[in-house]
Amino acid sequence: MTTTTYLWTPPPVYSLPVRGKTERLPINRLFFVGRNYHAHAVEMGKPVDKSVERPFYFTKSPQTLVESGATVAYPPETKNYHHEMELVLAIGAPGFRVAQETAHELIYGYACGLDMTRRDLQLVARDKGRPWDLGKDVEESSVVSEIVPMQGQVLDRGELAMTVNGQPRQKSDLDKLIWNIREIIADLSLFYHLQPGDLIFTGTPEGVGALQPGDRIEGGVAGVGEITLTIGPAE
Ligand code: MN
């Protein structure tokens, strides 16, 4: 019998706490739905016509994951670091080419999330037809609360809101999602073999905006939970 050895200590398994459990949820991949609320698509200057468009996605590496309550550095190479408050869906069962009617079988639970974004770099990339990675795949930019187990439950309404230093910034409702939970699971599973531990950030509503060092974000999704984040000094 041989034992695998490594040149250096392998990277950790990224994971999140689960409400009511001692076991943590191990993370596989981080998927993000782009432009999934009409008012946000309009504020970004890219309205969505669902009758002729499909949802689109980007990914971030699990190494960007940060737990709610953290203080993160204001990241390098940006002058316009934005918050995007989102509902996060945790996949708990494998699925490929899943029908909308059975999509709920993949749902493990939900969390509150922040898709932190270097908006200046994202917009340059978007307008030049370049990848979004430098704008989106930012270290410490995928902020997630504890996972709330809600196996098989489809969330189709519930207020989503957040403040910065106590001032309201984003407020909407899950019933305004352009592509709903069933549609997202079914569509994303056409491209990927979804796996337990995949997280899907379902998109942000209007009211995204810039942050400064020292700012404190408090947000929540009704029926799910709450999330906080503090922006520390620039690195
Ligand atoms: Mn987003």
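The values are calculated or read from the model by the stated rules, or taken from the named source; none is laboratory data. None of the values given here were measured: they were computed from a predicted structure. In this analysis, Cβ positions are derived from the backbone assuming ideal geometry, glycine residues included, and neighbour counts consider all displayed protein chains. With ligands, DNA and RNA removed, areas are computed over all heavy atoms of the protein, side chains included. Shrake-Rupley method; radii C 1.70, N 1.55, O 1.52, S 1.80 Å.
Descriptive notes on the structure:
- Residue check, F31 surrounded by fewer than 14 Cβ atoms within 10 Å (Cβ to Cβ), closer than 17 Å to K136 by Cβ and modelled with pLDDT of 95 or more: no
- Flag for L174 being more than 14 Å from the ligand (Cβ to nearest atom), in contact (Cβ under 8 Å) with a residue 24 or more places away in the chain and out of contact with any helix residue (DSSP H, G or I) (no Cβ under 9 Å at 6 or more places or on another chain): no
- Among the residues of the range 44-55, some residue qualifies, meaning at least one is charged (D, E, K, R), open to solvent by 20 Å² or more (accessible area, probe 1.4 Å), within 16 Å of the ligand (Cβ to nearest atom) and more than 23 Å from R216 (Cα to Cα).
- Some residue of the range 95-110 being among the small types (G, A, S), part of a loop (DSSP other than H, G, I, E, B) and touching a Pro at 6+ places or on another chain (Cβ under 9 Å): no
- Enumeration of residues in the range 205-216 that are within 14 Å of the ligand (Cβ to nearest atom) and in contact with a Leu (Cβ under 9 Å, 6 or more places away or on another chain): P205
- Among the residues of the range 81-111, those identified as touching an Asp or Glu at 6+ places or on another chain (Cβ under 7 Å) and under 24 Å from R216 (Cα atoms) are E84, E86, A111.
- For the range 75-93, the condition of being crowded, with 18+ Cβ neighbours inside 10 Å, over 20 Å from L229 (Cβ atoms) and modelled with pLDDT of 95 or more holds for at least one residue.
- Qualifying positions in the range 123-168 - within 16 Å of the ligand (Cβ to nearest atom), not in a strand (DSSP E or B) and not small (G, A, S): L123, R126, P131, W132, D133, L134, K136, D137, V138, E140
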